[in-house]
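**Student:** Here you go, one structure.
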Amino acid sequence: MLSNDILDSLKKYTAGMQVPVTFVLQTGEHGKRRELVDFLSQLCAVSDQLELVERDAGLRSPVSFALEADGRPTGIVFSGIPGGHEFNSLILAVLQAAGTPIKMDDTLKSLVRGVTEPLAFEVFVSLSCHNCPDVVQALNQFALLNGNIGVEMIDGGLFQDEIAARDIQGVPSVYANGELFAAGKVDTARLIDKLLEREPSLAAGGGDAALPLQDVTVIGGGPAGVSAAIYAARKGLKVTIVADRFGGQLKDTLGIENFISVPKTTGPDLDAALKSHAAVYDITIKEHVRVTGIDNGDIKTLTLSSGETIESRTIVLATGARWRELGVPGEREYTGSGVAYCPHCDGPFFKGRDVAVVGGGNSGIEAALDLAGIVKSVTVLEFMPELKADQVLIDQARARDNIRIVRNAATKRITATGGKVDAIEYEDRESGETKRLALAGVFVQIGLVPNSQVVDGLVDLNAHGEVVIDDKCRTSAAGIFACGDLTTVPYKQIIVSMGEGAKASLSAFEYLLMNGPAADEPARRAA
């Protein structure tokens, strides 16, 4: 099941294990059990610190196994064979249970350790979902940090009865103590927020000492934000990145073929490259937290969702954008029950069924092409008379027998039966006739909305919510700069965002030169 290259790599990764880890496999019979036993046996063969035992551990199924570290439960369980994207979740859990440090700043570690409510998490996943591992890995870390927390990854493909019983139509779906905790597009920052909602006293419960005065604080960890931080760090400035999710929308972009000098890459690969490049420099990274408030002045004070504060001489806004919603009845009500925004994550749940994609731009046509290989049929609904996608994508869509394109279609309503989507209603803008299309799923792909809420009222925004900037990325507030998809700069492209990030940082440096010494200038002069 595992290639020799993977096994050789695992031997290197496990060489530094500090304590033994045991896979405790639930006894019983199951059609996939032999495959799971072979899989775990291969893993155990790479290190004498790994062991497989079979016993009645009271787990969900004969294809469930728990991790024990040095003979003690870790609270981590996998139900199913964690292949595909979840393979990394398993390996990371093993290594962290065996002593590999958890990469989370001390403030968040302290927050998680402070949880007093016993929490049993169940995470229903699809092995083809590229967002699910982030959630599984985060909750696994929570379990390793706090004995009150347990987490079980559940492969929805193997537990269809439970998927049906809970009306799950999107992943990841996270349950805590049997009740829905979070669903759909979830990240670590959102999980932290949910913990704080349950126990507000966890905020600012300890951890990192306050940072010294920063020269540049970058809000956002996508291509624009990382570019800005690297350029600032190269100037010798004190730099911090605050990001709820490092990589931002980049992590959801699977195919990238227009990043000049790289013929083809993926969002996750480029995200890893950004992290690697940022790690070369002395950049403080506050990940999985959000900026909830900014007090502007000569020195700006940023308040974080964790309760921490950061003082900074300048700010670079690089918060990017999020999926735009249709804003029609039924959309929010049935998100996760037939309404989805990620075809890669949720497409497999609609295998052999009829779906619609709303939006005829590049993202919409790409989504239709992705879904066409899984579902029975895809209907693309485009509001305008013509598609906005690149011609090469339109040609590919037209070549598919199971893709139908409807232009001049204004989506009006999404309906459901028994809590599950059953149809979409749209108006033919030429005739004015309202039409109803029976289907099982609606994938919304109508562009992005700038994440400018935190600076609304602080800097000028245009009618679309974009931050208004000049040719040097300066906003209407002194010492606050902005770059990337958040701003009025046209053409929301990765390569454009990177260039704008560099420009914003150079402008911030110029501002600092004109407004006094850097935060550590006296120390540098003394040295």
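The values are calculated or read from the model by the stated rules, or taken from the named source; none is laboratory data. It should be emphasised that the depicted structure is a prediction, and the values quoted were computed from it without experimental measurement. FYI the Cβ positions are ideal-geometry reconstructions off the backbone, even for glycines, and counts take in every protein chain you see. Areas reflect the complete protein model, heavy atoms only, side chains present, ligands, DNA and RNA absent. Shrake-Rupley method; radii C 1.70, N 1.55, O 1.52, S 1.80 Å.
**Student:** I need the peptides 223-234, 3-14, 499-510 ranked by packing, meaning the mean over residues of other C-beta atoms within 10 angstrom, with the highest value on top.
**Tutor:** Those peptides, ordered most packed to least, come out 223-234, 499-510, 3-14.
**Student:** Give me log10 I(q)/I(0) at q = 0.10 Å⁻¹ for the chain, Debye formula, one equal scatterer per alpha-carbon, no solvent.
**Tutor:** -0.90
**Student:** Semi-axes, largest first, in whole Å: what does sqrt of 5 times each Cα gyration tensor eigenvalue give for region 1-69?
**Tutor:** That gives 23, 15, 7 Å for the three semi-axes.
**Student:** Give me the mean projected area, in nm² to one decimal, of the convex hull enclosing the Cα positions of region 343-486.
**Tutor:** Average projection, Cα convex hull of region 343-486: 11.4 nm².
**Student:** For region 69-140, what log10 I(q)/I(0) values come out of the Debye formula at q = 0.26 1/Å, with one point per alpha carbon and no solvent?
**Tutor:** Summing over Cα pairs of region 69-140 leads to -1.38.
**Student:** Next question. Convert each backbone phi in region 237-245 into a coupling constant with the Karplus relation 6.51 cos²θ - 1.76 cosθ + 1.60 (shift: θ = phi - 60°), then list the ³J(HN,Hα) values in order as whole Hz, x for Gly and Pro.
**Tutor:** 8, 7, 10, 10, 9, 10, 8, 6, 8
**Student:** Describe numerically, in nm with one decimal, the distance between label points set 7 Å from Cα along Cα→Cβ at residue 100 and at residue 19.
**Tutor:** Rounded to a tenth, the inter-label distance reads 1.7 nm.
**Student:** Please compute the per residue accessible area over region 31-161 with all protein chains in place, 1.4 Å probe, rounded to a whole number of Å².
**Tutor:** Accessible area per residue, region 31-161: 37 Å².
**Student:** Using the scaling law 2.2 N^0.38 Å as the reference, what is the normalised Cα Rg of region 1-132?
**Tutor:** Taking the Cα Rg and dividing by 2.2 N^0.38 Å, one obtains 1.08.
**Student:** If packing is taken as the average count of other Cβ atoms within 10 Å, what order do 275-283, 429-437, 301-309, 363-371 fall into, highest mean first?
**Tutor:** 363-371, 301-309, 275-283, 429-437
**Student:** Still on this model: Taking region 301-415 as the region of interest, what is the percent of Cα-Cα pairs per 5 angstrom bin, listed from the shortest bin to the one with the maximum distance?
**Tutor:** Values per bin, smallest distances first: 2, 10, 18, 19, 16, 9, 5, 6, 7, 5, 2, 0.
**Student:** Could I ask something else about it? List the lysines whose Cα lies under 25 Å from the Cα of residue 472, skipping any in the same chain that are fewer than 8 positions away.
**Tutor:** 235, 238, 300, 492, 503
**Student:** Accessible area per residue for region 373-412 in Å², computed with a 1.4 Å probe and the full protein assembly in place, what is it?
**Tutor:** Value returned for region 373-412: 57 Å² of accessible area per residue.
**Student:** Nearest 0.05, what FRET efficiency do residue 434 and residue 120 give at R0 = 45 Å with Cβ-Cβ as r?
**Tutor:** 0.45
**Student:** Still on this structure: If r is the Cβ-Cβ distance from residue 57 to residue 491 and R0 is 60 Å, what FRET efficiency results, to the nearest 0.05?
**Tutor:** The formula returns an efficiency of 0.65 here.
**Student:** In debye, nearest 20, what is the charge dipole magnitude of the chain about its Cα centre with +1 on Lys and Arg Cβ and -1 on Asp and Glu Cβ, if you could check?
**Tutor:** 460 debye
**Student:** Now a separate question. Dividing the Cα radius of gyration by the Kirkwood radius, what Rg/Rh value follows for region 451-518?
**Tutor:** Rg divided by Rh gives 0.98.
**Student:** A follow-up question, please. If you take the C-alpha gyration tensor of region 190-282, multiply each eigenvalue by 5 and take the square root, what semi-axes do you get, largest first, in whole Å?
**Tutor:** Over the Cα atoms of region 190-282, the ellipsoid semi-axes are 28, 21, 9 Å.
**Student:** So, one more: Quick one: what are the phi-derived ³J(HN,Hα) couplings along region 391-403, Karplus 6.51/-1.76/1.60 with θ = phi - 60°, whole Hz, x for glycine and proline?
**Tutor:** Those phi angles translate into 4, 4, 6, 4, 4, 5, 5, 5, 7, 8, 5, 9, 10 Hz.
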